[in-house]
Amino acid sequence: MSSLPHLLALDIGWGSTLAIKTIIVLAIIPAGALILGYVFLLKVMSHMQSRLGPMDPGGFHGWFQLIGDGIKFLQKEDVMPAEADRRVFAIAPAVIVISTFLVFAVIPVGPDLVVKHLDVGVFYALAVSSLSVIGVLMAGWASANKFALLGALRAAAQLIAYELPLLLAVVGVVIQAGTTSLNGIVLSQQNGAIFGWDGIGNPFILTQFVGFALFLVASQAELTQTPFDMPVAETELVAGYMVEYTGFRFLFFFIGEFGTAFAFAALAATLFLGGYSVPGVYGDWANILGPFVLFAKLMIIAFLMFWVRFTYPRLREDQLQAVAWKFLIPIGLLNILVTGVFKVAF
Amino acid sequence: MARKKLPGLVGGLGVTLKTMLKPAVTVQYPHEKEDPAPRARGVIALKEENCTVCMLCARQCPDWCIYIEGHKEKRPPRREGGRDRTVSVLDRFDIDYALCMYCGICVEVCPFDALFWSPEFEYSESNIAQLLHDKVKLGEWMETVPEPEPLEIGAETKGKK
């Protein structure tokens, strides 16, 4: 499965290895959500709005703000509407977080550092990330609130609509790499060459720039971020399907949203920027540098996503759907066509 | 659809990026303090020796936040055989800063220049009763009153200086 135990000269069985990896990923999700939330939501957003953001909590530029917010949420009263479907109401946020965790299970952080190498990695990652749609519908239905339900239905429609451009963007990458395994995609970028020069490998963003743009737009919509955040339009619909959620359950949604942002940024970094790989670095060094390289790349992509989020006003629901069905999907199909032609011709 | 809108979209991204890279002008108050503007209105100070208990400030205050009590005392006449002079003495002069709206009418209207503006503003209290500043405290604020701004060149200085 993974040669990391051999790497560290440890003799632990596959059960313990799996347990350790699971714990690490479970720790990464809230940590990643916190880092993204703090750096981008609090600090970058503030500076883009000519203000400073939190400066006091924790002393140095308010790094403790989100953790303090989390603690505050933990001590809130657990309120559930009287008519709500109790079990579904409670499980809905967990479904979203679980789908995030399952996406992390295939993202390679180093040549050997992945929870499980899957030959159909990309296919699995996209399939599993659509589980969050179920979570959204569960939340809206179980809230026993007409407006939550409407919000959930609109959110589900949006998420399903934008699954397709996401997939089509990724298919272009798969055609160029020749494999759906995420590790294979990273390796083909690392070992590739641009017109014979292999200084920086062959990151697919250069040839798949259309796919990259599509992937970014589609993942923006998948995460219900502005300009596609009609489901959670804070100032208009009061959080749509999340309106009846308070305290820790709301925190779960928040972690799910930012954890998924982390996952999608990592996925985009893996598919388009070469993931954990640095050209020329293999073996043990790649295992050590891998996480940091991937982190740096995903922060760049996350910056792009959040930059767009803080700049544009939101689209109306019908404009949103029109963009997906009438604009992005034809471009995605065209991208596949051109990629296929180029792959065969050259 | 995106043909005419694309330059606008990209321009918008440029605006946010530029704003992000410019340092924010926020003054982080408890740690850094700004100098107030000249003639800033922070607190009203009382120069007791100028006050003649004419009550104009208390009467003109829109909020009735000035409480004045005084009594008349006799003083010896200026010349031998003249009438005794009466002098008004200030017993109580309180300004209730919980009511004061910092309009400055009392300072403007005082004919004897007994009230002055001071830029001191950090006098908040946790007990609202302590916002009633008495004669002694108002006298202490006199130390914080800045020198009057110089008049413009050519301004007329009629009457009082």
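The values are calculated or read from the model by the stated rules, or taken from the named source; none is laboratory data. Just so it is clear, the model here is predicted, and its values are computed rather than measured. Quick reminder, even Gly has a Cβ in these numbers, built from the backbone with ideal geometry, and neighbours come from all protein chains shown.
Being away from every other protein chain (no Cβ under 14 Å), under 27 Å from A:T311 (Cα atoms) and surrounded by fewer than 16 Cβ atoms within 10 Å (Cβ to Cβ) is the requirement here; does A:I35 meet it? Let's see the steps before the verdict.
Numbers: away from every other protein chain (no Cβ under 14 Å): yes; under 27 Å from A:T311 (Cα atoms): yes; surrounded by fewer than 16 Cβ atoms within 10 Å (Cβ to Cβ): no.
For A:I35, the condition - away from every other protein chain (no Cβ under 14 Å), under 27 Å from A:T311 (Cα atoms) and surrounded by fewer than 16 Cβ atoms within 10 Å (Cβ to Cβ) - is not met.
Here's a check for you: in the range A:267-319, which residue that is aromatic (F, W, Y) and in contact (Cβ under 8 Å) with a residue 40 or more places away in the chain is surrounded by the most Cβ atoms within 10 Å (Cβ to Cβ)? Ranking the qualifying residues of the range A:267-319, first place goes to A:Y276.
Consider the range B:1-41. How many of its residues are within 11 Å of another protein chain (Cβ to nearest Cβ) and part of a helix (DSSP H, G or I)? Going through the range B:1-41 one residue at a time, the tally reaches 14.
Within the set A:L26, A:L41, A:L66, the sole residue that is assigned to a helix (DSSP H, G or I), crowded, with 18+ Cβ neighbours inside 10 Å and either free of Cβ contacts under 8 Å to residues at least 12 places away in the same chain or more than 14 Å from chain B (Cβ to nearest Cβ) (or both) turns out to be A:L66.
Do you know which of the residues in the range B:1-15 that are of a type in the set (D, E, K, R) and more than 24 Å from A:M45 (Cβ to Cβ) is modelled with the highest pLDDT?
Per the criteria, the residue is B:K4.
With touching a Leu at 6+ places or on another chain (Cβ under 8 Å), under 27 Å from A:A161 (Cβ atoms) and modelled with pLDDT under 90 as the only criterion, which of A:F310, A:F258, A:F248 stands out? Can you show your working first?
Working: A:F310 fails: touching a Leu at 6+ places or on another chain (Cβ under 8 Å); A:F248 fails: under 27 Å from A:A161 (Cβ atoms).
Going through A:F310, A:F258, A:F248 in turn, just one is touching a Leu at 6+ places or on another chain (Cβ under 8 Å), under 27 Å from A:A161 (Cβ atoms) and modelled with pLDDT under 90: A:F258.
Annotation for the range A:233-247: at least one member residue is touching a helix residue (DSSP H, G or I) at 6+ places or on another chain (Cβ under 8 Å), more than 14 Å from every other protein chain (Cβ to nearest Cβ), over 22 Å from A:L182 (Cα atoms) and of a type in the set (F, W, Y).
Could you please find all residues in the range A:274-330 being of a type in the set (F, W, Y) and away from every other protein chain (no Cβ under 14 Å)? It would help to see each step written out before you state the result.
Within the range A:274-330, the first condition is being of a type in the set (F, W, Y), and the residues that meet it are A:276, A:282, A:285, A:292, A:295, A:303, A:306-307, A:310, A:312, A:325, A:327.
Correct list: A:Y276, A:Y282, A:W285, A:F292, A:F295.
Would it be correct to say that A:D56 is surrounded by fewer than 20 Cβ atoms within 10 Å (Cβ to Cβ), of a type in the set (D, E) and within 14 Å of chain B (Cβ to nearest Cβ)? Taking the combined requirement at face value, the residue satisfies it. The numbered conditions (1) buried (at least 19 other Cβ atoms within 10 Å of the Cβ); (2) β-branched (V, I, T); (3) farther than 30 Å from A:P279 by Cβ are all true for A:V109 except (3). Remark: pairs (first residue in the range A:132-153, closer than 16 Å to A:A82 by Cα; second residue β-branched (V, I, T) and modelled with pLDDT under 85; Cβ separation under 6 Å; 6+ apart in sequence or on different chains) = A:A148/A:V243.
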